[in-house]
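Enquirer: There's a structure below that I have some questions on.
The values are calculated or read from the model by the stated rules, or taken from the named source; none is laboratory data. Since we're looking at a predicted model, the values are computed, not measured. Note that we place each Cβ from the backbone using ideal geometry, even for glycine, and neighbour counts take in every protein chain shown.
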Amino acid sequence: MSQLTGAMIRACAVAVLVAMPALMLPNVSGDTAQIVTLLALVAGAAILAEYSAAYPGLIEFRDAPPYNRMRFILLFFLILFLSILARTDVMPTRFSLLLDALSQWLGHGFDFAYSPVRLLVLALPSGLPEAHLASVQAGASLAYTIAVLGILGFLLSIAVGYWPRRTASFNVWINLPTFDPTAGQDVVQRLERDGLVNMALGILLPFLLPVLLRLSELLIQPVTLETPLAYVWGITLWAFIPASLVLRGIAMQQVARLIREKRRQLAEDEGSIPRPARSAYS
């Protein structure tokens, strides 16, 4: 019952998170609200099925809190702050104006050659209003800063021994359900290699996604991020997906270190066991 209750709470939290931009932003059409509601229900049902099962199927580090909670908090602040920015012109408040000023200041700080924020702005179609481009630059700068702070927070939790918790057992195969330990080379080397690949991909994605966005104009309708929902979700995914990959890579590196230390400890314990003396007739 406790596991089912926790799964229901997580499912409701994810459903509310998916629906939050549509609830906060003004002038959302009825059709869009229905689609968002359907997506929120699907996301909540998926989380409920995953966390109520005996063993995880897709979600990694399910039994190693607070890894997924930190990712949820990161996504929550991205959606919340970007939704507040998107409605500042229509529903200004003291906090939204302060957040807008902070994002504008960060936007000027990220306005240099080959920065991921400038590449995202340059990837938008030509002819858009300057005010919209400045809004995208401010929102992307704020989202990128939040993502970096989330990664630093996770590194701090590892440094102080908060993840994984030393007082709790850590099952590698349950927390990495999509990782096959029997395939390929040594599991530690594979974990280290996959961790480095994830971190490298997460670092490069903020620079690569604008290029892919620019190339997509040849096949589909260009993405402008002019509607409030597209603004919030577009910038959120641009910042959250790379940050999530970096977090996954760091976690896999930490798991590889734990396995290596466990092997070293077992080898030392075996070496400390005294062996029986051999007789002269042996």
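Table: residues versus (1) touching a strand residue (DSSP E or B) at 6+ places or on another chain (Cβ under 7 Å); (2) assigned to a helix (DSSP H, G or I); (3) in contact (Cβ under 8 Å) with a residue 60 or more places away in the chain.
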| site | (1), (2), (3) |
| --- | --- |
| Ala200 | no, yes, no |
| Thr224 | no, no, yes |
| Ala230 | no, yes, no |
| Thr236 | no, yes, yes |
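Enquirer: Still on this model: Tally up the residues in the range 10-58 that are within 23 Å of Asn171 (Cβ to Cβ), surrounded by fewer than 17 Cβ atoms within 10 Å (Cβ to Cβ) and of a type in the set (A, V, I, L, M, F, W, C), please.
Expert: 5
Enquirer: Just one of (1) under 19 Å from the mean Cα position of the chain (by Cα); (2) at pLDDT below 95; (3) closer than 25 Å to Ser115 by Cα trips up Met199, so point out which.
Expert: All conditions are met except number (2).
Enquirer: Being touching a helix residue (DSSP H, G or I) at 6+ places or on another chain (Cβ under 6 Å) and either in contact (Cβ under 8 Å) with a residue 60 or more places away in the chain or part of a helix (DSSP H, G or I) (or both) is true for just one of Ala19, Ala45, Ala49. Which residue is that? Full working, then the answer.
Expert: Values: Ala45 fails: touching a helix residue (DSSP H, G or I) at 6+ places or on another chain (Cβ under 6 Å); Ala49 fails: touching a helix residue (DSSP H, G or I) at 6+ places or on another chain (Cβ under 6 Å).
Answer to the check: Ala19.
Enquirer: Out of the residues in the range 164-176 that are modelled with pLDDT under 85 and of a type outside the set (S, T, N, Q), state the one that is nearest to Ala256 (Cα to Cα). Give the derivation first.
Expert: Pass one, the range 164-176, residues modelled with pLDDT under 85: 164-174.
Filter again for of a type outside the set (S, T, N, Q), leaving 164-166, 168, 170, 172-174.
On the way: Pro164: 12, Arg165: 15, Arg166: 15, Ala168: 17, Phe170: 12, Val172: 10, Trp173: 12, Ile174: 15 Å.
Among them, the one singled out is Val172.
Enquirer: Here's a follow-up. Of all residues being at pLDDT 90 or above and of a type in the set (Lys, Arg) in the range 15-72, which is nearest to the chain's Cα centre (by Cα)? Just the residue, please.
Expert: Arg71
Enquirer: Right, here's the next one. Name the one entry in Leu208, Leu245, Leu266 that is surrounded by fewer than 15 Cβ atoms within 10 Å (Cβ to Cβ), modelled with pLDDT of 90 or more, part of a helix (DSSP H, G or I) and not polar (S, T, N, Q). Working first, answer last.
Expert: Details: Leu245 fails: surrounded by fewer than 15 Cβ atoms within 10 Å (Cβ to Cβ); Leu266 fails: modelled with pLDDT of 90 or more.
After applying the criteria, what remains is Leu208.
Enquirer: With the structure loaded, tell me whether Val28 is under 26 Å from Asp89 (Cβ atoms) and either in contact with a Gly (Cβ under 6 Å, 6 or more places away or on another chain) or assigned to a helix (DSSP H, G or I) (or both) or whether it fails that test.
Expert: Considered against the rule, which asks whether it is under 26 Å from Asp89 (Cβ atoms) and either in contact with a Gly (Cβ under 6 Å, 6 or more places away or on another chain) or assigned to a helix (DSSP H, G or I) (or both), Val28 comes out as no.
Enquirer: Right, next: Only one of Ser103, Ser126, Ser96, Ser115 is in the same structural domain as Leu218 (by TED's automatic domain parsing) and in contact with a Leu (Cβ under 6 Å, 6 or more places away or on another chain); which? Before the answer, list the steps.
Expert: Values: Ser126 fails: in contact with a Leu (Cβ under 6 Å, 6 or more places away or on another chain); Ser96 fails: in contact with a Leu (Cβ under 6 Å, 6 or more places away or on another chain); Ser115 fails: in contact with a Leu (Cβ under 6 Å, 6 or more places away or on another chain).
Only one candidate passes the filter, namely Ser103.
Enquirer: So, one more: Tell me which helices (runs of 4 or more DSSP H) are completely within the range 67-128 and hold 2 or more residues being basic (Lys, Arg), or say none if there are none. Please lay out each step first, then the result.
Expert: Working: elements: 67-86, 94-109, 116-123.
Those helices (runs of 4 or more DSSP H) span 67-86.
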